[in-house]
1. Against the empirical 2.2 N^0.38 Å scaling, what ratio does the C-alpha Rg of the range 187-226 come to?
2. Which far-off residues, 5 or more places away or on another chain, put their amide H under 5 Å from the one on ARG97, with H placed in the peptide plane?
3. Hey, could you grab the Kirkwood Rh for the range 3-260? Inverse mean 1/r over distinct alpha carbon pairs, Å, one decimal.
4. Which net charge results for the neighbourhood of ASP231, defined as the other residues with beta-carbon distances under 13 angstrom from its beta-carbon, given Lys and Arg at +1 and Asp and Glu at -1?
5. Kyte-Doolittle cut-off -1.0, length cut-off 24 Å along the helix's own axis using Cα: show which whole DSSP H helices in the chain pass.
6. Which order results if LEU37, LEU11 are arranged by neighbouring Cβ count within 10 Å, fewest first?
7. For every helix of n ≥ 4 consecutive DSSP H residues, a contribution of -39,500 (n - 2.57) applies; sum these over the chain, divide by its total residues, and give [θ] at 222 nm rounded to the nearest 500 deg cm²/dmol.
8. Going by C-beta contacts inside 10 Å, put PHE200, PHE223, PHE258 in order with the fewest on the left.
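No value in this document is a laboratory result; all are computed from the given coordinates. These figures come from a predicted structure and were not determined experimentally. Methodologically, a virtual Cβ is constructed for each residue, glycine included, from the backbone with ideal geometry; neighbour enumeration extends over all protein chains shown.
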Amino acid sequence: MTLLRAVAAELPKTASLPASLVAVAITAIGSLGITLLNAFSVRNAIQSGRTDLVGYTSPVEAAFSAAPLGTVGAVILGVVVISSEYTANSSELGGGRQITTTLTATPRRLHVLIAKAVSVVLLTAVTAAVTMPACLTVAHLVVGGAAAASDDLTDTIARSVGAALYWLLTALIAVSVTVLTRSGVIPLIFLIVNSSLVSFSLLLTKLTPLARYLPDLAGLTLFARGPFAMDHPLGPLPGGLVMTAWAVGLLTVSALVFVRRDA
């Protein structure tokens, strides 16, 4: 099977996974929900004259403050596209794993992994292309003319692209880690907790400034602005390059492992 056919077969397969639908819903609906809460907080603070109660008064910032939730959806998508292959079927279906059927249909393992990575990239990109403009639109509608500060359209577009790239690279890192562990539990728990509850990378910055080169912190300025909880964060360009290097490096290692070891 050619690579193009492998992608064509893998894309609908990935999109039809129940967990993939959950990932898209978390990214899109969750981000919109957080944006709404942020926007109403901003509008109420401006109208009451208590802008000291919020960290920003811009509808754009209200939208991008919700962007980190999209990384949770990206993690889920990146993990399940691999972990679903190693999950045992029900006893009625023989208790086998999907990976056996997948490798039978597509013997070239590298094609399988590339097709899965491309499917994740496409689904994440489409989700981001819908979610970020929707969040920005909702934020502007809610805040309306209450915001005194004007936002730079060019910067807003660049940050939207940056948020999409951040989600995409996060999903690819999740794919790589799941290939190495052959289980969805460990990467799912660790990556979701790190991106939403307790940032282990941020904690490490208290010990060494080199922690800012970890992928999640390095790429943060692709969409985030303003004060950070760490000293001297990388800029959008170097940060994006560092995060991309992490994703490419991990994908390369996972590809070597996936091709050489037993299914």
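1. Here the Cα radius of gyration is 1.17 times the empirical estimate.
2. ASN89
3. About 19.3 Å, per the Kirkwood formula over Cα pairs.
4. Once positives and negatives cancel, what remains is +2.
5. 31-48, 67-86, 109-143, 153-181, 236-260
6. Ranked by crowding around the Cβ, least crowded first: LEU37, LEU11.
7. Result for the chain, helices only: -22500 deg cm²/dmol.
8. Going from least to most buried by this count: PHE200, PHE258, PHE223.
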